[in-house]
Every structure is written in structure tokens, then in C-alpha cells.
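Some notes on the structure that comes next.
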Amino acid sequence: MGVPKVVADLRLRCPQRPVVGILAFEAASAMSRLVSLHRSLAEDEVRRLRADMRSPGVAYLTSKDQIFLLRLACAEIVGDLDLAAAAVSRLAPRCRDPLLRSFDRFYANLKAGGVFSFLIDARAAADLDRLGLGSTAKRTEKQVKRMERYVAATSRLYAEMEALNEMEAEEKRTQKQWRRHSGPILVQKPMPVPDSVHFKLRSHEHMIRRLKEESLWNKTFDKVVELMLRAVITVFARICSVFGLYVLGLPSSGQFNPNNPCKHSSGPLERRVVPQHLPFLRNSSPILSTPPGIGAQETPFDRLKKFLKESPTTVGGSGLALRYANVILAAEKLYQERNRVASAAAEQSERDELYEMLPSGMRSAVRTKLRDCWRREGAGLPAAGDDSLAEGWKEAVAAILEWLAPVAHDTVRWQEQRSMEREQQLCTRPRTLMLQTLHFADGDKTEAAVVEVLVGLSCMSWYDHRRRGSISA
């Protein structure tokens, strides 16, 4: 009897810190975003991004200026980091640690390049090691994998809690129906048997209790916020390291290694030679020349946000990025399936469905180009056995789809990754960036390429039907 009393006295003297609880799902969403950013800034992913920047689709539709594209990428990544930091700042006031409670001020100082002075003013220098400043790559990767496990467990907890709610609702419906159909006549009840539904409910509840221990649900606010604070520092340090040579005004990556500020913990992937026609880029210079009327208080990150404001002449500015992407993918599907055995009615239905997807302006452009095409080629239609024109259209459509389809696939993938579904919010995989999509693509060039593909598919279909008709005759 004495041991429980002693334990109870200790609990009264040392009350437990509040746990995250239902806010675990919001915390897991922010944590998954940080892990995704960390994965997106890995060396292999940045090399893949640079390869996509040089792809024909991005170069023709968006821009050939690699510096501009790198700044676009940096602007979107910093914007995602700001969203994650905003979620952390909503959890920080619930912490007991003064350093964690002042996360907003810490993040502002981090972006301004004054993280060390902030730590010295706020806490002892021991916080440098505690927050992972100057951490090795192995230690950072271990921390990221730990966050991935927390996100995975929290995601599974959400799914199991939803399943439990459905099971409990089903049990209530079953009991209600049983009471409604049970008559007043007393009958001898059989021997009681184990209730499978009740057993399943209890087993599910036990699983949820275990998942709460493994996930963020039963973790304290201090532990969760400190973990994400270290991730914010790691991601921001990597941003400065990867884009510091191209996006001017970013803090020096040397500030994240307090033992040797001149030594980069993770340098740029490659030191590219700046072309002669471009001015030498310095970290102390502004990103852009400051337009008249803008105050001197504008920060480099304020200027970065301007890169994400699309022009009305772009596909994203007109709000048609996803619609154009779906049209391109439907055209690609028609091209890939043109040799399959299908009825004429099925082919016509697919073409009609694709035609209904087109914006009104693109429909008019397709009709006009088709009329010109038939007027030009109709006077001298090829013989039944001459497939040269059909092959010419096939080669032209294939050449366009080779560089146009990947951009459309990335556009759909970008939209899916930023949907409001819980599975996407808790995804830790690297994400597609807007520069890889149709968002910043020139509207006239994109429409002309899509129209050319649709006209080519129409001509190919006409030649195929003409060839089949001659064969059957």
C-alpha cells in the first residue's frame, strides 16, 4: 500500500507536461512537410531538378534562364518552409521552454542571419548543440528518420481512429435494429457466446492506445516543437547551401556551423561558372533591382515571393494549368492506343470526350487549323496505299508529346500532392515544384503545341479510317 502512495505523491509534486493529443495530426502535417523539404533538397533530388530545368518542355514553355528557374524553385521551397514554420508557431506557445515559446522570433532571426545573437540573448550557448547547429549528416539523417516514423504512426493512428468510429456506428445501428425487431414474447435464450463485434472493438481500441504511444499523440509539446525546430534549421541551412550562389540575399550557410563559421557543413552541389553576360552574384546584393516606390525595409524573402506571382499571360495565371494538363494526357492516351482494336463508336466517343474538355478558345483554334489543313491537303489527297502523310503526322505528334507530356504529368502530380486529403498531407516523399509544371508556361506557346497535337491526332485518325475502308473494300 505504501508504494502506490509514494508514486501518487511524486505525481502531485511533478505534474506531467501536457501532451499534444488531438493536435498530433496538425503537428504530423507540419512534420511531414519538413521531411519532404529535406528529401527534396537532397543531392540526388537537386540534380534531378536541374535536369528537369534543362528539359525541352520547361526551356521552351517557361524559360531558358537557369538563374530565374533556380530562384523560382527557391521561392516555392521557402514558401513551403514558411507554412511549416507557421504550424510550429501555433504549437510553440503551449511549450514550457522559453526558447521554444519564442519560436516566431527565433525563425525571424534565422532568416535574417542572426541566429547566434538570438541564442546568446535568450539562453546559454549549450542550445547550439541542442538545436542541431553544426550537426553531422549522419546525425541529421537519424533525426529525419525518427520524424518519418512519427508521421507514419500518426497517419496510421488517424486511419484506425476513423475505422473505430465506423465500427462503433455500425454496432449502434445493429443494436437499434435488434431492439426494433425483438418482440415481447419471452423465449429461452441460448448460452451466451462471445460477441465478435464487441471483441473486435476492444481489440481495435487496444491498437489505438498502442499507436498513441508510438505516434505524436502522447508526446509533449516541448519534445515535438524542439524536434521540428531542429528540422526547420536543417532545411533552411540546406536552402542557403543549395541556392545561396544564385538567390542573392540569403544568409551565409557558414552561420549554421558555430565551431567553424567559414566551413560549410553542406556546400552547393556544384559551382557553376556564371556566364559573362550576367553580373557576378554576391550574397550581400539584392535579388532584384529595387523598383521605385518600394522602401528599403523590403527583405530578400519579400522579393522572393514576387517570383511566385504568375503573369496573366501564363497558363497558371489564366487558371487553366490543370485543364491543359488533362487535355494533354488524354491526347497522349489516344496516341498510345491508336493501334488497338476498338470499334469506331468507341474511338468517336473518346474523341468527343477529349473535345468537350477543350476551352472554347482552343476549340476555335483546332477547327480553324483543321480547315486550313484540309484546304491545303484536300485537293491532292494521297492514294489509298500512300501512308507518307499519316507517318509524317505521327512523327510530328510523337515529337511534341515527348517534351509536352512530362510537363503535363508533373502538373497533375503537383495538384495531387497539394490536395487536402489526409494521405497527401502526411506524405514525406519529395514533391514536384511549380517550375516543372505548366504553371509558369507561356499561354500562347502551350496552346499552339496542344492544338498541333490535336490536329495531328485528327488527321491520323482520318487516314486510319481511310486505310481501313480501302482494305475492307
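Laboratory data are not the source of any read-out in this text; all were calculated from the coordinates shown. It should be emphasised that the depicted structure is a prediction, and the values quoted were computed from it without experimental measurement. Using ideal geometry, Cβ is built from the backbone for each residue, glycine included, and neighbour counts are taken over all protein chains shown.
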* To do: Rank by packing, highest mean first: peptides 309-315, 73-79, 422-428, with packing defined as the count of other Cβ atoms within 10 Å averaged across residues.
  => 73-79, 422-428, 309-315
* Structure fact -> Packing-ranked peptide list from 231-237, 391-397, 316-322, 451-457, highest mean Cβ count within 10 angstrom first, is 231-237, 451-457, 316-322, 391-397
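With r as the distance between the Cβ atoms of residue 145 and residue 17 and R0 = 35 Å, compute the FRET efficiency 1/(1 + (r/R0)^6) and round to 0.05.
It comes out at approximately 0.90.
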* Asked: Which shape class, rounded, prolate or oblate, goes with segment 22-111 when its Cα gyration tensor gives a ≥ b ≥ c as root eigenvalues, a/c under 1.5 marks rounded, and past that a/b bigger than b/c marks prolate?
  -> prolate
* Could I have the simple spin-label model distance between residue 415 and residue 50, label points 7 Å from Cα toward Cβ, reported in nm to one decimal? => 3.2
